[in-house]
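Structure, as structure tokens:
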Amino acid sequence: MAERPEDLNLPNAVITRIIKEALPDGVNVSKEARRAISQAASVFVLYATSCANNFAMKAKRKTLNAGDVMSAMEEMEFERFMQPLRESLEAFKKGQKGKKEASEQKKKDKEKKSDVEESDKKDEDEEEEEHMDEEPEAENEAEEDEVEN
Amino acid sequence: MAGDVHFYLRNPSLVTRYIWNLQLKHVCRHHIFCQRRMAATLGHAQGTDSDPDRVVEDEPRGTDGDEENSQQTGATAPQSRLAKLPLARIKALMKADPDVTLASQESVFIIAKATELFVEMIAKDALVYAQQGKRKTLQRKDLDNAIEAIDEFAFLEGTLD
């Protein structure tokens, strides 16, 4: 096989944790087996991405979305994953929404502060505009006088 | 490659070989840069690190020492608790595919979650073979047996060292 940098493998600690949780107590996993599972997981990501990308390309989209991945799961014969994935996706979306609202709230608070500062500035600007309006009118009157003469 | 989708679907191992062979050099150089950039955008939001060594240290702070919390409190817990695998790393892997331009955050998350389910599945299936051999330790050969026997794992044939 071609060179395969360690960086592109998923973190060993996390893989080990997932494996341990899946297996009953008292069962051990050899280092070789763990490494192989980690590699298999990376291959899985690549394969799933490739399949999902095909669906996106069929729909003439350049961005992979959740639906593409779900279709890819079906294509890869991992239908058993689809229901748990849908549930996880719902939870994820809620989390995203909560975060978005939190950051929007922060933005609003910031805007309120800057609004107060801006309104002070506006009063000064209006005074300047009034002065400017008077000047052109004065010039027009001067020109009219010259024409008449 | 883009035009010959069906050939590659029938020979999934070639997909990975193709990707590994052509893209890894590019990815190696680009990876560190992307990893840091992804960590900045995703890592902040998640509270997880792209650095593998620090993942272990993060756990006590984040999960409160109880891994089940991530499933029970999915709705209220921060995003980082929903996926055990780092989204930044998954995204880096996805970008190794030359045909992939953009991937939505949702799609990265679902693939991370699916990979988790995959790891659980393959571990359990390999355990069956270990138990057949009256062993309590999962070994590499158990994995090979599982890959050979189970249709869903056909894409793994020839891809592992």
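Return the long-range amide H neighbours of B:LEU102 (sequence gap of 5 or more, or a different chain), with a cut-off of under 5 Å between placed amide H atoms.
A:LEU64
Excluding residues fewer than 8 places away in the same chain, name every one of the lysines whose C-alpha is closer than 22 Å to that of A:LYS106.
Straight-line reach from A:LYS106, under 22 Å: A:LYS93, A:LYS94, A:LYS97.
Per residue of region A:93-98, in order, report the coupling 6.51 cos²θ - 1.76 cosθ + 1.60 (Karplus, θ = phi - 60°) as ³J(HN,Hα) in whole Hz, putting x for Gly and Pro.
Rounded to whole hertz, the list is 4, 4, x, 4, 4, x.
Sorting check: for B:150-161, B:117-128, A:47-58, which peptide has the highest mean count of neighbouring beta carbons within 10 Å, and how do the rest follow? Provide the component values of the computation, followed by the final result.
On the way: B:150-161: 16.2, B:117-128: 20.5, A:47-58: 22.8.
Highest mean packing first, the order is A:47-58, B:117-128, B:150-161.
Students often check this: by mean Cβ neighbours within 10 Å, which of A:10-23, A:79-92 ranks highest, and how do the rest follow? Intermediate results must be reported in sequence, preceding the final value.
Details: A:10-23: 19.8, A:79-92: 16.2.
Per-residue mean Cβ counts within 10 Å order the peptides as A:10-23, A:79-92.
List the lysines whose Cα sits under 21 Å from the Cα of A:LYS113, skipping any in the same chain fewer than 8 residues away.
Here the lysines satisfying the reach criterion relative to A:LYS113 are A:LYS100, A:LYS121, A:LYS122.
Would you mind checking which residues have amide H under 5 Å from A:VAL29's amide H? H placed 1.01 Å from N; only 5 or more apart, or other chain.
HN-HN under 5 Å from A:VAL29: B:LEU138.
Calculate the length of the line joining the C-alpha centroid of region B:143-161 to that of region A:38-62, in whole Å.
So the two Cα centres are separated by 18 Å.
Within 10 Å of each Cβ in B:135-143, how many Cβ atoms from other chains are there, averaged over the peptide? It would help to have the intermediate numbers written out before the result.
On the way: counts 3, 5, 5, 11, 7, 8, 4, 4, 10.
Per residue, the average neighbour count from other chains is 6.
Which of the lysines could a cross-linker bridge to B:LYS136, judged by Cα under 16 Å and excluding same-chain residues fewer than eight apart?
B:LYS136 reaches A:LYS20, A:LYS31, B:LYS124.
Within 10 Å of each Cβ of A:97-105, how many other protein chain Cβ atoms are there on average?
Details: counts 0, 4, 3, 0, 0, 0, 1, 0, 0.
The shielding value for this peptide is 1.
Length gain on complete extension for the stretch A:GLU75 to A:LYS58, per 0.36 nm per residue less the alpha carbon to alpha carbon distance? Could the numbers behind the result be given before it?
On the way: separation 17, 0.36 × 17 = 6.12 nm, distance 1.40 nm.
In short, 4.7 nm is gained.
What shape does region A:1-95 have by the C-alpha gyration tensor, where a ≥ b ≥ c are the square roots of the eigenvalues, rounded means a/c under 1.5, and otherwise prolate means a/b greater than b/c and oblate the rest? Let's see the in-between values first.
On the way: a/c = 2.29, a/b = 1.45, b/c = 1.58.
Because a/c hits 1.5 or more and a/b fails to exceed b/c, region A:1-95 counts as oblate.
Every read-out reported here was derived from the displayed coordinates using simple, explicitly stated rules and does not represent laboratory data. Since the structure is predicted, the reported quantities are computational estimates derived from the model, not experimental observations. Here Cβ is always computed from backbone atoms with ideal geometry, including for glycine, and neighbour counts include all displayed protein chains.
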